[in-house]
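Enquirer: Supplied in structure tokens, the structure appears directly below.
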Amino acid sequence: MRTIGLIGGMSWESTAEYYRLLNELTRERLGGLHSAKCVLYSVDFAEIERLQTAGRWDEAGEALAGAARSLAAAGAELLLICTNTMHKVADRVEAAVDVPLLHLADTTAGAVRAAGLHRIGLLGTAFTMEQDFYRGRLAGHGLEVLVPDAAGRAEVHRVIYEELCVGVVREESRAAYREVIAGLVARGAEGVVLGCTEIELLVGPEDSPVPVFPTTRLHAEAAVAAALA
């Protein structure tokens, strides 16, 4: 098994899910006492969040590129950025090392296409929903991407940063997400991408009338498959 390098901590709540899933999936594939070969570089999310909010993406990209170099030095043979939003700087990370990066949007788009869907709703941080780095990557795979209205985007973003990233899961927020999902479906979404790695802590297939695509799990599944290929 190749060693998987994780650029995590954004937030550690979802990075913990990555670690659990990678090990569970490896055990399912190999059986017995097998677990994933991986190394983790966990950043201080408060520092990254300040750079996000200030629009200082070059500095944020260099921080993650430094993490990638550390992982490569530690023996990583495959890299994951354990956050959808920070794929905005994926090019900077890829340029920093010779280790291949498994891009989360490509993994997600592959799952959507495999399900035979073309028009999808996207939930995530405001950066992910409103900027082109993620939506455009999905569209490059032939997908039509719908996002919530301004009020819906604001609420989805707020819940991520104020609640899920600090381990708070509230029924009121689950109800709000269900309402946002229903709105996307009413506009023609055939499926919904849970495009923030924390969202799976709050909602799942039971909260949507159409298929959901849990990006954390999809990324972990693809990583294990690649590491064992």
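Enquirer: Between the helical axis of 150-162 and the dominant principal axis of the chain, each derived from Cα atoms, what acute angle in degrees is found, rounded to the nearest 10?
Expert: Between the helix axis and the principal axis of the chain, the angle is about 40 degrees.
Enquirer: Of all the accessible heavy-atom surface of the chain, with the other protein chains kept in place and a 1.4 Å probe, what percent is carbon and sulfur? Show your work: numbers first, answer last.
Expert: Numbers: 4830 of 9650 Å².
C and S fraction of accessible area: 50 percent.
Enquirer: Under the definition of Cα pairs under 8 Å and six or more residues apart, what whole-number percent is the relative contact order of the chain?
Expert: Details: 392 pairs, mean separation 55.8, N = 229.
Answer for the chain is 24 percent.
Enquirer: Give the shape of the stretch 1-127 as rounded, prolate or oblate, defined through the alpha-carbon gyration tensor: a ≥ b ≥ c are the square roots of its eigenvalues, a/c under 1.5 means rounded, and otherwise the shape is prolate if a/b is larger than b/c and oblate if not. Write out the running numbers ahead of the final one.
Expert: Numbers: a/c = 1.70, a/b = 1.15, b/c = 1.48.
The shape class here is oblate.
Enquirer: Quick one: what are the phi-derived ³J(HN,Hα) couplings along the stretch 213-229, Karplus 6.51/-1.76/1.60 with θ = phi - 60°, whole Hz, x for glycine and proline?
Expert: Per residue, the Karplus-derived 3J(HN,Hα) values read 10, x, 5, 5, 5, 4, 5, 5, 4, 5, 5, 5, 4, 5, 5, 9, 5 Hz.
Enquirer: Each residue of the stretch 182-187 in order: what ³J(HN,Hα) in whole Hz does its phi give by Karplus 6.51 cos²θ - 1.76 cosθ + 1.60, θ = phi - 60°, with x for Gly and Pro?
Expert: Those phi angles translate into 4, x, 5, 5, 4, 8 Hz.
Enquirer: Give the Debye-formula value of log10 I(q)/I(0) at each listed q (0.09, 0.15, 0.20, 0.24 Å⁻¹), with one equal scatterer per alpha carbon of the stretch 118-229, two decimals each.
Expert: Taking Cα atoms of the stretch 118-229 as identical point scatterers yields -0.22, -0.61, -1.07, -1.46.
Enquirer: Size of the dipole of the chain about the Cα centre, Lys and Arg at +1 and Asp and Glu at -1 on the beta carbon, nothing else charged, in debye to 20?
Expert: Details: 21 positive and 31 negative charges, 100 e Å.
With Lys and Arg at +1 and Asp and Glu at -1, about 480 debye.
Enquirer: Kirkwood Rh over alpha-carbon pairs of the stretch 1-53, then Stokes-Einstein at 20 °C and 1.002 mPa s: what D in µm² s⁻¹, rounded to an integer? List each step's numbers first, then the result.
Expert: On the way: Rh = 12.1 Å.
Rounded, D is 177 µm²/s.
Enquirer: What is the ratio of the Cα radius of gyration of the chain to 2.2 N^0.38 Å, where N is its residue count, to two decimals? Intermediate results must be reported in sequence, preceding the final value.
Expert: Values: Rg = 16.7 Å, N = 229, 2.2 N^0.38 = 17.3 Å.
Rg over 2.2 N^0.38 Å, computed on Cα atoms: 0.97.
Enquirer: Just the number please: accessible area per residue for the stretch 50-192, 1.4 Å probe, all protein chains included, in Å².
Expert: Values: 5970 Å² over 143 residues.
On a per-residue basis, the stretch 50-192 sits at 42 Å².
Enquirer: By how many nm would the segment from residue 119 to residue 131 lengthen if fully extended, with 0.36 nm per residue of separation less the alpha-carbon distance?
Expert: Details: separation 12, 0.36 × 12 = 4.32 nm, distance 1.80 nm.
The span from residue 119 to residue 131 would gain 2.5 nm if fully extended.
Enquirer: How big is the stretch 87-160 by the Kirkwood estimate over distinct Cα pairs, in Å? Kindly include the intermediate steps, with their values, before the conclusion.
Expert: Values: mean 1/r = 0.0750 Å⁻¹.
In the stretch 87-160 this quantity evaluates to 13.3 Å.
Enquirer: Please list, ordered by chain and number, the residues whose modelled amide H lies under 5 Å from the amide H of residue 101; skip anything fewer than 5 residues away on the same chain.
Expert: Close amide H contacts, sequence-distant or interchain: 79.
Enquirer: Helix 57-73: angle to the longest alpha-carbon principal axis of the chain, degrees 0 to 90, nearest 10?
Expert: 40
Enquirer: Viscosity 1.567 mPa s, temperature 4 °C: give me the Stokes-Einstein translational D for the stretch 166-227 in µm²/s, with Rh taken as the Kirkwood radius over C-alpha pairs. Spell out each step's value before the answer.
Expert: Working: Rh = 12.5 Å.
Using the Kirkwood radius from Cα pairs, D works out to 104 µm²/s.
Enquirer: If you don't mind, another one. Return the distance in nm (one decimal) between the two label points of a simple spin-label model at residue 155 and residue 98, each offset 7 Å from Cα along Cα→Cβ.
Expert: A separation of 5.1 nm, rounded to one decimal place.
Enquirer: Search the structure for amide H atoms under 5 Å from the amide H of residue 213, placed 1.01 Å from N in the peptide plane, and list their residues when 5 or more places away or on another chain.
Expert: The answer is 192, 193, 194.
Enquirer: Lys/Arg Cβ at +1, Asp/Glu Cβ at -1, dipole of the chain taken about the Cα centre: which of 46, 188, 168 is farthest positive-ward?
Expert: With unit charges placed on the Cβ atoms, the residue in question is 188.
Enquirer: For the stretch 85-125, just say rounded, prolate or oblate: build the C-alpha gyration tensor, square-root its eigenvalues into a ≥ b ≥ c, call rounded for a/c under 1.5, and beyond that prolate if a/b exceeds b/c, oblate if not.
Expert: Verdict is oblate for the stretch 85-125.
Enquirer: Counting other Cβ atoms within 10 Å of each Cβ, which GluC sites (Glu not before Pro) in the stretch 93-187 have at most 12 and sit in a DSSP loop? Before the final figure, lay out each step's value.
Expert: Values: sites: 94, 130, 144, 155, 162, 163, 171, 172, 179; in loops: 163.
Hits after loop and neighbour filter: nothing returned.
The values are calculated or read from the model by the stated rules, or taken from the named source; none is laboratory data. Note that the structure is a prediction, hence the values are computed from the model and not measured. When we count neighbours, we look across all protein chains shown, and the Cβ atoms used for this are built from the backbone with ideal geometry, even at glycine. Surface accessibility is based on the protein's heavy atoms, side chains included, excluding ligands, DNA and RNA. Shrake-Rupley method; radii C 1.70, N 1.55, O 1.52, S 1.80 Å.
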